Amino acid sequence: MKVYITTPIYYINAEPHIGHAYTTIAADTLARFYRMAGYDVFFLTGTDEHGQKIYDAAKKQNVSIKDFVDRNTETYRKLWNMLHISYTRFIRTTELEHEETVRNIFTKLLQKGDLYKDDYTGYYCIPCESYAIPEDENNPLCPDCKRPMNKISEPSYFFRISKYTKQLEKYIEENNFVKPDFRKNEVLNFIRSGLHDVSITRKNVEWGISAPVSENYTIYVWFDALINYLSGIGYLHNENLFSKFWPPDVQFIGKDIIRFHHIIWPCLLFALDLPLPKTIFAHGWWTSGKDKISKSKGNTISPEKIIDEYGLDALRYFLLREVPFGLDGEYSEDIFKKRYNSDLANDLGNLVNRTLNLVETKMSGIIGNIPANMEIIKITGEVFEKYQAKMQKIAFSEALEEIWRYISFLNRFLDEKAPWREGCSNVEEILNNTIYGIRSAIIMLTPFIPDASIRIWQMLGLEETPESNGFKLLNQKIPEGIKTNKREIIFPRKK
Ligand code: ME8
């Protein structure tokens, strides 16, 4: 059982913000979920380092392009380390293996007759690194980002994607390739309106992979970038790895790059006679004051700042809980704090804290001596079934809702049984059931909040980590005579 998961590779012209963190955390959460479910997971992320935009950014800072990309890719890697992103491979498009793969694929397509030479005359948007048609030629603004576009007119190699129109339409109609569902028609309508071949070389852009042809061309940055999903898994040099993991199971992207991923990318794979990804999930945008949060707009929100104030798991939790995956969401510190206080500090934090406090005072800190009863075992099993189905559907906020219903149930259970009351005869039974529930909730929460889960696990005195035994542990009882450890407040309430 294998799963191959990818994120986009990010442009490194500026610092990462919560939008990039969002996609990467989503991919990480799913990767962790599948690992705990016993799958072999390959999780690829990385940086997109060529093109005019990055070249201009380096020029502006007056540093050599090589130093610029080396330094900026580190900023991404550092943030992923800080967020405990468990990627298998971090790919850079300036790596030799990637460059070789891009040239190899270019040559294959050329030999197959899928590339041809022609003149390109049209408009190009550098911030989006895309060819586009402006509404008004007198004032050519990019239809996507609304910024001025450059007119270019140059000879170019074109990729014959028009040839694959019917094949693509059929694949999309018959598969779960486009997710969420409501995007499917949008993509199909675009295809049905007629696909134009795309220019995949640039004459006057020097910062790029040189095309394997006699003339002086560099390869268009998007053609280069999409190939990372192949080079990152050994397309050219690691046959075993490639055949084990290909095709991707889930590719995460934002809705801004749908056309590249749902149209150009599958056509490239058709041309290479490779199976297509099973699902490419396009999530929505985080906005601030209703504007898309974006590097080039300068309205970014720094993940580091949120982590400093609230902790890394609070950020991971908020992003996947607040908005149904696929829709847009508005970010503000107020919304963040509200969600943090109600779900993490109150519901989860209090449940753990008051249960452990009772275990200390009423049971000398020893758990596991009375096994959980059938009723709680049954409820837990049902919750897990629902949670698993939501995770497989990539419905993160719904999966978290299931866990939170369970946490509320445990809080109610404790309130109703009130083991603190004078003369309560079954204190140990009540508390052991609650602890079993907390352990189960933590196991299911681990893909979302891995760091806090380990800390709670250690407070419970449990062995290894919640990840080490995966979801199998849900069916096992807590060993007898476990001594809980010193309590700490994992999610302190914020004013
Ligand atoms: O497009 N809300 O890189 P990029 C949610 N290099 N997600 C956001 C976001 C926001 N406000 N802003 C960015 C590129 N993202 C190419 C990709 S892949 C072969 C090449 C996330 O640095 C989201 O995933 O502009 C979006 O698709 C991606 O960052 C764009 O990152």
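The values are calculated or read from the model by the stated rules, or taken from the named source; none is laboratory data. Everything numeric in this text was worked out from a predicted model, so none of it was measured. Positions of Cβ are backbone-derived with ideal geometry, glycine not excepted, and every protein chain shown enters the neighbour counts. Keep in mind that these areas ignore ligands, DNA and RNA; they rest on the heavy atoms of the full protein, side chains included. Shrake-Rupley method; radii C 1.70, N 1.55, O 1.52, S 1.80 Å.
So the values come out like this:
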quantity: Residue match in region 189-203 (condition: without any contact (Cβ under 8 Å) to a residue 12 or more places away in the chain and exposed (fewer than 15 other Cβ atoms within 10 Å of the Cβ)); calculated: yes
quantity: Extreme residue, farthest from residue 279 (Cα to Cα), among residues of region 172-197 that are among the polar types (S, T, N, Q) and part of a loop (DSSP other than H, G, I, E, B); calculated: 193
quantity: Test result for residue 63, in contact with a helix residue (DSSP H, G or I) (Cβ under 9 Å, 6 or more places away or on another chain) and either in a helix (DSSP H, G or I) or buried (at least 20 other Cβ atoms within 10 Å of the Cβ) (or both); calculated: no
quantity: Region 120-142 - residue that is in contact with a helix residue (DSSP H, G or I) (Cβ under 9 Å, 6 or more places away or on another chain) and either outside any strand (DSSP E or B) or more than 23 Å from residue 218 (Cβ to Cβ) (or both) and, of those, least open to solvent (accessible area, probe 1.4 Å); calculated: 129
quantity: Of residues in region 150-171 being modelled with pLDDT of 95 or more and either in a loop (DSSP other than H, G, I, E, B) or of a type in the set (Ser, Thr, Tyr) (or both), the one farthest from residue 200 (Cα to Cα); calculated: 171
quantity: Residue within region 5-25 that is farther than 18 Å from residue 281 by Cα, out of contact with any strand residue (DSSP E or B) (no Cβ under 8 Å at 6 or more places or on another chain), in a helix (DSSP H, G or I) and more than 8 Å from the ligand (Cβ to nearest atom) present; calculated: no
quantity: Test: residue in region 72-92 that is assigned to a strand (DSSP E or B) and either out of contact with any helix residue (DSSP H, G or I) (no Cβ under 7 Å at 6 or more places or on another chain) or more than 16 Å from the ligand (Cβ to nearest atom) (or both); calculated: yes
quantity: So residue 432, is it open to solvent by 60 Å² or more (accessible area, probe 1.4 Å) and of a type in the set (S, T, N, Q); calculated: no
quantity: Some residue of region 253-261 being hydrophobic (A, V, I, L, M, F, W, C) and in a loop (DSSP other than H, G, I, E, B); calculated: no
